Amino acid sequence: MVRVALRSSRSARLVAGALLTLPLLAACSEQKKEHAEEVRPVRVQTVAFEASRETLKLAGTLAPRLEAPLAFQVTGKLSTRPVDVGTRVTPGMLIGKLEAEDFALQLRRAQAQVASSEADLKRLQADLTRYEALKTSMVFTQATYDQRAAAASVAQQTLIGARSQVAIAERQLNYTSLTAETGGIVTAVLAEPGQVVAAGQAIVRVARDEELEVSVPIPENRLADARAARDPRVTLWAEPEKSYRVQLRELAASADPQTRTYLAKYSLLDQPQTAKMGMTATLMLAKGDGVPVASLPLSAIFQQGDKPAVWVVDAGKGSVTLKPVTVAAYHQDAVLLANGVKDGDLVVTAGVHRVDPGIKVRILGAAPVKGQ
């Protein structure tokens, strides 16, 4: 009887233990089922191979191709300067004026000298004419005639010189007014009213803005790229969405002693309508060997050991496959792949470390695939 009771008690304990274990097994089964059926949303990008054309970007500025200093041709005291920096000038517009009193006095003195020379010439020619009438008389001598003829000739040349002095004085008087020969914009003022300026000393600097170009300092390790670029373009900071064709016009033969860069000047083949002098421009020089590469965000790379890889999505099945890839180059915000994927592949670009080989995925923005 004791053995029967013990067996009954043991059986009861086994049944109770089994009953307690069943809910736990059911819970584990449910967790596995939920894990197996979990669907992760992912962002993808379609792979597209293109010829590699790495773009070198260099900062520059828009500058006028022609800029010239304007100066007086005579020395004097600057009395007025009606233009300032930024003034738009037109041909014939007054730029500056010197005090002209001294030049007017010189002109009057030259004119007086002309009048005196004309009187002397008239008198000597009259004397020569009267003496020439005495050729048939006994008082006429050839030596005296020659002397009077020479005196009249000297007076003639003196008059010519005096008239030249008048012309010079008139020009110098005209030079006291400085006018613009061409249109443009005043970019610098180099003298103020009341200042005594020398002949040839620049008063203002005027730039002709009808033709602008891009000035770019080129580092010495980029000179070959600047010379070899086939289709250089520039963008303006004010219009970053537009690009304009340019052509290398001039490259400095020596480096700037301060910056150690070589100044390059590019002519704008397409003149921007809104371009102004001094605007910031970005020169873009395309370079590369033309080998096809695919550009993807850096976030698409999954490091498999010491080798890079990407997750490729099968949109029909909602599954992912990890594929090793060969990286051609890394950039600040992108990576260039040489192989490992093909055109049209969908590559996960966000959440690569939350993806497992056996997991189901759903492309964000796409309808769920059948069975999900």
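The values are calculated or read from the model by the stated rules, or taken from the named source; none is laboratory data. Fair warning: this is a prediction, and the values are worked out from it, not measured in the lab. No Cβ is skipped: glycine too gets one built from the backbone with ideal geometry, and neighbour counts run over all protein chains shown. Please note that ligands, DNA and RNA were not included when accessible areas were found on the heavy atoms of the full protein model with its side chains. Shrake-Rupley method; radii C 1.70, N 1.55, O 1.52, S 1.80 Å.
Structure notes:
- Across the chain, the mean sequence separation of Cα contacts (distance under 8 Å, 6 or more residues apart), normalised by length, yields a relative contact order of 26 percent.
- Potential extension, Leu269-Val139 segment - 0.36 nm per residue separation minus Cα distance: 38.1 nm
- Difference of contour (0.36 nm per residue) and Cα-Cα distance, Asp356 to Ile168: 58.2 nm
- Segment Glu38-Gln156, extension gain: residue separation times 0.36 nm, minus the distance between their alpha carbons: 30.8 nm
- Put simply, the amide H of Val310, placed in the peptide plane, has neighbours under 5 Å in Phe302, Lys323, Val325, leaving out anything fewer than 5 places away on its chain.
- Here the chain is assigned +1 on the Cβ of each Lys and Arg and -1 on the Cβ of each Asp and Glu. Its dipole about the Cα centre then comes out at about 1800 debye.
- Probing with 1.4 Å while keeping every protein chain in the model, the per residue accessible area of the range 214-372 equals 58 Å².
- Karplus-derived 3J(HN,Hα), 6.51/-1.76/1.60, for each residue of the range 245-259, Hz, glycine and proline x: 6, 9, 9, 5, 9, 8, 10, 4, 7, 9, 7, 5, x, 8, 8
- Spacing of the modelled spin labels on Arg245 and Glu211, each 7 Å from Cα toward Cβ, amounts to 1.8 nm.
- Seen against the Cα atoms of the chain and their longest principal axis, helix 142-175 is set at about 30 degrees.
- About its Cα centre, the range 131-185 has a charge dipole of approximately 140 debye under the convention of +1 per Lys or Arg Cβ and -1 per Asp or Glu Cβ, with nothing else charged.
- Of the residues Ala180, Val89, Gly161, the one whose Cα sits farthest towards the positive end of the charge dipole of the range 86-194 is Gly161 (charges of +1 on Lys and Arg Cβ, -1 on Asp and Glu Cβ, taken about the Cα centre).
- Spacing of the two label points (7 Å from each Cα toward its C-beta) at Arg227 and Leu56, in nm: 1.2
- For the chain, alpha-carbon Rg relative to the globular expectation (2.2 N^0.38 Å, N residues): 2.25
- Label-zone membership for the range 150-188, site Arg109, 7 angstrom Cα→C-beta point, backbone N under 19 Å: 158-176
- For Asn339, nonlocal amide neighbours, meaning residues 5 or more places apart or on other chains whose placed amide H falls under 5 Å from its own, are Thr326.
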